[in-house]
Amino acid sequence: METYYAVIFTSQRTEKDGAGYAKMAEVMDSLAQKQPGFIRVESVRDAEGKGITVSYWKTLEAIQAWKENAKHLVAQQFGKENWYTLYHVEICQVMKEYSFTK
């Protein structure tokens with residue numbers, strides 16, 4: 001297994017502009033998938049608006065390039081101004097993986 005990284009984004013949504021948020025999330029997912037170094041993304045949100053999104057990347061440089069992507073910067077600003085009451089980001093190196101499927 002080659003080294004790769006996970007970006008863990010936890011957030012608390014406001015009740016504002018749910019349709020706008022959903023559309024922007026869809027656009028950002030599509031854009032991220034086109035970025036060099038992107039592996040995959042998984043996301044969930046509960047009924048109270050708490051969410052977690054984990055994106056996986058091949059390198060730290062790929063993560064930095066995504067953070068600085070011009071369209072992503074716009075989405076980040078919208079998030080701060082309209083969609084989140086808080087968020088937290090952690091970047092981790094994946095040391096081991098395994099899975100089970102039935």
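The values are calculated or read from the model by the stated rules, or taken from the named source; none is laboratory data. Predicted model only: the values in this text are computed from it and were never measured. Here the Cβ positions follow ideal geometry from the backbone for every residue, glycine too, while neighbour counts run over all protein chains shown. These accessible areas exclude ligands, DNA and RNA; they are computed on the full protein's heavy atoms, side chains included. Shrake-Rupley method; radii C 1.70, N 1.55, O 1.52, S 1.80 Å.
Identify all residues within the range 13-50 that are more than 19 Å from L73 (Cα to Cα) and in contact (Cβ under 8 Å) with a residue 40 or more places away in the chain; write none if there are none. Show your work before the answer.
Looking only at the range 13-50, we keep the residues that are more than 19 Å from L73 (Cα to Cα), and these are 14-16, 18-19, 39-40, 42-50.
Result: T14, K16, K50.
Residue check: is D46 under 11 Å from the mean Cα position of the chain (by Cα), open to solvent by less than 80 Å² (accessible area, probe 1.4 Å) and charged (D, E, K, R)? Give the steps one after another, and end with the answer.
Values: under 11 Å from the mean Cα position of the chain (by Cα): no; open to solvent by less than 80 Å² (accessible area, probe 1.4 Å): yes; charged (D, E, K, R): yes.
In short, no.
Can you name the residue in the range 13-45 that is at pLDDT below 95 and either part of a loop (DSSP other than H, G, I, E, B) or in contact with a Pro (Cβ under 8 Å, 6 or more places away or on another chain) (or both) and is also nearest to C92 (Cα to Cα) among such residues?
T14
Looking at (1) at pLDDT below 95; (2) surrounded by 14 or more Cβ atoms within 10 Å (Cβ to Cβ); (3) part of a loop (DSSP other than H, G, I, E, B), which is the one condition that is false for Y98?
Answer for Y98: the failing condition is (2).
Restricted to the range 64-89, and to residues that are under 23 Å from R13 (Cβ atoms) and hydrophobic (A, V, I, L, M, F, W, C), which residue is surrounded by the fewest Cβ atoms within 10 Å (Cβ to Cβ)? First the steps, then the outcome.
Start the filter on the range 64-89 by keeping residues that are under 23 Å from R13 (Cβ atoms), which leaves 66-67, 69, 71-89.
Still in the list and also hydrophobic (A, V, I, L, M, F, W, C): 66, 73-75, 78, 83, 86, 89.
Details: W66: 19, L73: 11, V74: 13, A75: 17, F78: 15, W83: 22, L86: 9, V89: 12.
Only one residue tops the list, namely L86.
Would you be able to tell me the number of residues in the range 54-68 that are assigned to a loop (DSSP other than H, G, I, E, B) and of a type outside the set (D, E, K, R)? Full working, then the answer.
Of the range 54-68, the ones assigned to a loop (DSSP other than H, G, I, E, B) are 58-59, 68.
Keeping just the survivors that are of a type outside the set (D, E, K, R) gives 59.
Residues flagged as assigned to a loop (DSSP other than H, G, I, E, B) and of a type outside the set (D, E, K, R) within the range 54-68 amount to 1.
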